[in-house]
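A.B. asks: Quick one: this structure, given as structure tokens, is what I'll be asking you about.
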Amino acid sequence: MPGRRYSNRLKIVFQLNDLIVLNLSYFISTYYFQSHTFFWEDNRQSVFLLLLNLLWVVLTSYGDIYAVRRVIKTENELNKVFFVMLFHFLITSIIVYFSKLIVFNAQDKLYFYSVFAIYMIIWKMVSLRLLRLFRKRGFNFRRIVIIGAGPVGDQIRSFLMSDHSFGFKYLGYFDDNPDNCLHPDEIIGSVNDFREMAESLKIDEVFIALPNDAKRKIFDIIRYCDANTIRIKMIPDFMRYIKAKVQLDFYGSIPIILLHNEPLESLKNRIIKRGFDILFSMCVFIFILSWLYPLLAILIKLDSRGPVLFKQKRTGLDNNEFYILKFRSMKVNKDSDKVQATKGDKRITRLGAFLRKSNLDEFPQFFNVLIGNMSIIGPRPHMLEHTAQYSALIKGYMVRHLVKPGLTGWAQVNGFRGETNQPGQMEGRVEHDVYYIENWSIFLDQKIFFRTIFNMFHGEENAG
């Protein structure tokens, strides 16, 4: 069945289910955690519940939270829901503050939004899974063809056929040069045959993968598709020589290709990330470093001579230098700013080996986070000599300095931690760092955070 028949229905289903989750969360939070009464027994609760529902409908009416996409990334969908819930919370708090008719204290809000967030995340993950299964079973699909069977067309074909949950029913190629096609048996006609065959094939979408010198053919296809309500997806010709993931922006009506997608260029995202950094760092100071710092200071002094903290220049945001702080894990030596620690390094003290293995040596970097030259999550900062060395050897190395360095990062939780004495190890670290920069979301930060906590208790083989 054509996908268009289902898309609008799915949007309605998703919105109704979100409202069910909201009302269920309110019922659970009020009945089990607060008043042990039903909302219809209290007029103020009924009014407030109506407000919560209306506000959710208004907020989700803007943007594309219910857009039914073919290629779905769970983290991006959860990120959108997070921002809607954040605005919902802020606006509700403002209304409650200025209204005398609604009584909703801080504890009530904590209960409701905690339950709401948990249920909403579970529902979104389940609904996305069900949508993928629905499409795999042959529903909500779209009939597609690819015009242009060259290397670029073959790339999009491989991607579309790699996962049936995208909901694409691939019909074949239209191309004038079947000899140059990797799959000549899939060519169903020449480019000029497209208009004659489109109606009989019941095509929903067209992927155009023709080179720029085929302008007239491209314009003819666009005009025909527009006149027959066939959706068009253009694959830009630069894909022939730029293989990296890029972002498209517009300066007026002029399309601009950004070679690196940077979610943290958004002020909204930077504020959220910085807010988390400050709040979490303050909690660490109050609940952990307040007693851990003096304890480790005494142990470090007893273990070997030298200062409690080790201070070293590292490369930070926009290639600026800053001093990173650590609990000292080595004997004082003249090579500490030049030679990276290696496994079995004789400079490492007995206590230092434990500190490095458990990541406790990194805790003073919460000072760096609080003053703003580091973040909790981000690419690990390197020594100045390593920056100079690897920037000359590894393509794209300096891209990792487009964001603040972090206490831990995507590379570290994927095994690229500690000693990097081979270019291949550093290349792997850089690849993961660039992935983090281009795919940042609050949920990716949370994933890295919890994996880091797990590694701290489990221990890390590459800690050095």
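A.B. asks: At 222 nm, what value in deg cm²/dmol follows for the chain if DSSP H runs of at least 4 each add -39500 (n - 2.57) and the sum is divided by all its residues, to the nearest 500? Don't skip to the end; give the middle numbers.
C.D. replies: Details: 15 runs with 232 residues, N = 464.
So the calculated ellipticity at 222 nm is -16500 deg cm²/dmol.
A.B. asks: What dipole magnitude, in Debye to the nearest 20, does the chain give about its Cα centre under +1 on Lys/Arg Cβ and -1 on Asp/Glu Cβ? Before the final figure, lay out the partial values.
C.D. replies: Working: 60 positive and 44 negative charges, 204 e Å.
Dipole size: approximately 980 debye.
A.B. asks: Quick check: pseudo-label points 7 Å beyond the Cα along Cα→Cβ at I72 and D237, how many nm apart are they?
C.D. replies: 3.7 nm
A.B. asks: Turning to a different aspect of this structure: In degrees, nearest 10, range 0 to 90: what is the angle between the Cα axis of helix 4-33 and the longest Cα principal axis of the chain?
C.D. replies: The two axes meet at around 40 degrees.
A.B. asks: Quick check on the chain: take the gyration tensor over C-alpha atoms, sort the square-rooted eigenvalues as a ≥ b ≥ c, and tell me if it's rounded (a/c under 1.5), prolate or oblate.
C.D. replies: oblate
A.B. asks: Quick one: which residues, 5+ away or cross-chain, put their amide H under 5 Å from the amide H of R380? H built at 1.01 Å from N.
C.D. replies: Here G406 satisfy the definition.
A.B. asks: If you don't mind, there's one more thing I want to ask. Taking the 0 to 90 degree range and rounding to the nearest ten, how far is the long axis of helix 290-303 tilted relative to the main principal axis of the chain, both from C-alpha atoms?
C.D. replies: Roughly 60 degrees, rounded to the nearest 10.
A.B. asks: For the chain, find the longest principal axis of its Cα atoms and tell me its angle to the long axis of helix 151-161, 0 to 90°, nearest 10.
C.D. replies: Relative to the chain, helix 151-161 is tipped by roughly 80 degrees.
A.B. asks: Let me ask another. Let me spell out the model: positive unit charges on the Cβ of Lys and Arg, negative unit charges on the Cβ of Asp and Glu, origin at the Cα centre of region 142-243. What dipole size does that give, in debye rounded to 20? Show your work: numbers first, answer last.
C.D. replies: Values: 14 positive and 16 negative charges, 81 e Å.
The calculated dipole for region 142-243 is roughly 400 debye.
A.B. asks: With unit charges on the beta carbons (Lys and Arg positive, Asp and Glu negative) and the dipole taken about the Cα centre of region 142-243, which residue among S162, N228, H183 sits farthest to the positive side?
C.D. replies: N228
A.B. asks: On full extension of the chain, what length is gained from F27 through S304, given 0.36 nm per residue of separation minus the C-alpha to C-alpha distance?
C.D. replies: Details: separation 277, 0.36 × 277 = 99.72 nm, distance 5.92 nm.
My answer for the length gained is 93.8 nm.
A.B. asks: Starting at the first residue of region 315-329, write each ³J(HN,Hα) from the Karplus equation 6.51 cos²θ - 1.76 cosθ + 1.60 with θ = phi - 60°, in whole Hz, x for Gly and Pro.
C.D. replies: Working through the residues one at a time gives 8, x, 4, 6, 6, 7, 8, 8, 8, 8, 10, 9, 5, 5, 10 Hz.
A.B. asks: Can I ask one more? Once you mark the chymotrypsin sites (Phe, Trp or Tyr not before Pro) that are in a DSSP loop and have at most 12 other Cβ atoms within 10 Å, what is the longest gap between them in the chain? Provide the component values of the computation, followed by the final result.
C.D. replies: Working: sites that count: F38, Y62, Y241.
Segment 242-464 is the longest.
A.B. asks: Could you put M456, M383 in order, starting from the residue whose Cβ has the fewest other Cβ atoms within 10 Å?
C.D. replies: Numbers: M456 15, M383 18.
In increasing order of surrounding Cβ atoms, one gets M456, M383.
A.B. asks: Between R347 and W291, what is the label-point separation in nm under the 7 Å Cα-to-beta-carbon projection?
C.D. replies: Rounded to a tenth, the inter-label distance reads 3.4 nm.
A.B. asks: Which order do I272, I257 fall in if you start with the one that has the fewest other Cβ atoms within 10 Å?
C.D. replies: On the way: I272 17, I257 11.
Going from least to most buried by this count: I257, I272.
A short reminder: the numbers here are calculations on the coordinates, not readings from a lab. No experiment lies behind these values; they were computed from the predicted model shown. All Cβ positions, glycine included, derive from the backbone under ideal geometry; neighbour counts span all protein chains shown.
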